[in-house]
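None of the figures in this text is laboratory data; all of them are computed from the coordinates on show. None of these values were measured; they are calculated from a predicted model.
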Amino acid sequence: MMITKKHLSRRTVLRGLGVAVGLPLLDGMVPALTATAKTAASPTRRFGAFYVPMGANMPQWTPETTGRGVELSPTLQALAPFKDQMTVVTGLDSHPAEPGDDDGGGPHSRVMAAWLTGAHALKTEATGHVAVSMDQIAAKQLGDATQLRSLELALESVDVLGTCDYGYTCAYTSTISWITPTTPLPMEVNPRAVFERLFGDNSSTDPKVRLKAFRRDGSLLDSVTAEARSLAKDLGAADRSKVAEYLDAVRDAERRVQMAEREGERELPVIEQPTGIPTSFDEHGKIMFDLLALAWQADITRISSFVISRELSNRTYPEIGISEANHPLSHHQNNPEKLAKQAKVNANHLRMYSHFLERLKSTPDGDGSLLDHSLMLYGCCMSDSNLHLPENLPTLVLGGKAHGFKGDNHVKVTKGTPFCNLQLTMLHRMGVDVEQFGDSSGELTDL
């Protein structure tokens with residue numbers, strides 16, 4: 001890092017046509033002389049939670065070895081490039097996701113609701129009742145430093161769920177983020193809506209006006225080019241390069257959002273296909289992951305939750321040769337063929353997620369990368385999907401190098417250890433002041 005006598009505010013923005021484009025952390029934003037000490041002692045604290053549904057093929061998920069220098073399992077191979085910043089945690093149980101005496105059915109609602117809240121979902125068809133979720137606890141203490149306190153994203157709309165769970169409100173299977181015990185936060189699935197929330201609405205909601213905007217030359221970023229050039233005069237070569245790369249990434253995200261919208265407006269035959277916006281699940285995932293990476297890079301938000309797919313999802317995966325809907329497939333009855341397909345679905349979700357990790361790893365941030373300065377939780381609240389078992393949860397911790405997480409590790413905890421112990425540990429590592437979370441009994445010490 002080059003230290004200069006000039007200092008730019010981290011909240012410096014480029015403005016044009018009503019758009020505010022936040023800038024990534026630049027060397028020139030770090031005060032002279034104190035830069036090294038501050039970046040080393042106070043890294044930006046970011047947190048992301050990434051949910052995948054209906055358990056995992058645990059024999060294919062779980063590494064055979066424990067401790068440092070872990071040998072990755074077949075399912076986890078997509079994350080091999082990030083092994084040094086990944087900890088596999090096995091043996092954790094979610095007791096709040098277990099059925100109560102009067103609950104009856106509804107396992108999918110209970111596990112999805114409990115994953116970030118550490119609370120047992122009240123069986124109700126009204127608004128629902130759990131607890132404030134982990135991400136929102138962090139957002140209340142860390143979110144005031146950014147434009148958005150948190151960002152909630154998903155790749156599957158609640159509109160496609162069709163049915164909910166045995167008398168449980170659909171809120172439990174449509175979000176993982178709760179700002180109060182009775183207030184769920186909606187997950188945004190439309191890339192256009194996410195882009196406009198991050199960078200401003202540059203067009204009317206009228207489809208004709210929007211189409212006209214798509215066709216016109218240039219981009220909303222053209223309006224800030226002059227200001228970017230002016231700012232660059234006061235920056236060093238490394239910072240000028242960062243600004244140029246960041247603006248190129250924003251422009252590319254805008255272009256891909258527009259292409260996806262055009263694709264979504266086409267008349268399509270009624271055939272079995274993955275749900276989502278755009279029609280390609282992979283492209284939808286890439287756009288949404290890229291938008292989240294930009295939001296973190298520009299420090300628009302530091303807290304996020306992301307549902308890659310939902311409980312009770314009937315998504316199919318023809319791109320990997322699976323035509324069966326995911327929910328029926330998860331009731332595998334220990335059929336080897338169905339278990340093999342479940343492992344393929346698990347690996348496919350991780351392959352999609354690896355695109356996001358690569359973006360973070362390749363993006364400089366302070367004295368490291370975005371991956372170094374971000375702490376992420378990946379997994380779900382069910383292991384054996386045939387039994388809806390909320391024990392031995394498939395769980396990954398990624399990033400967190402700046403927060404003391406060593407990575408390249410498989411931690412196998414004592415049977416019965418609350419999943420909330422891991423969440424309490426992560427909150428504390430982010431500097432969030434909380435005495436207990438859910439049914440936590442203490443921190444995990446082997447991370």
So what is the relative contact order of segment 341-434, in percent, for Cα pairs below 8 Å that sit 6 or more residues apart?
18 percent
Relative contact order for segment 112-200, counting Cα pairs under 8 Å that sit 6 or more residues apart, in percent
35 percent
In angstroms, what radius of gyration and Dmax does segment 276-368 have, counting Cα atoms only?
15.9, 50
Extension length gain for Gln333 and Gln436 (0.36 nm per residue less Cα distance), in nm, is 33.3 nm
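Please state, rounded to one decimal and in Å, the Kirkwood hydrodynamic radius that segment 72-203 gives when every pair of distinct Cα atoms enters the mean of 1/r.
One decimal place: 16.9 Å for the Kirkwood radius.
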Which far-off residues, 5 or more places away or on another chain, put their amide H under 5 Å from the one on Glu188, with H placed in the peptide plane?
Glu152, Leu153, Ala154
Give the dimensionless ratio obtained when the Cα radius of gyration of segment 342-423 is divided by 2.2 N^0.38 Å.
1.26
Intensity falloff of segment 290-340 expressed as log10 I(q)/I(0), Debye formula with alpha-carbon point scatterers, at q = 0.13, 0.18, 0.29 Å⁻¹:
-0.52, -0.69, -1.11
At q = 0.21 Å⁻¹, base-10 log of I(q)/I(0) for segment 50-98 (Debye sum, equal scatterers on each alpha carbon)
-0.86
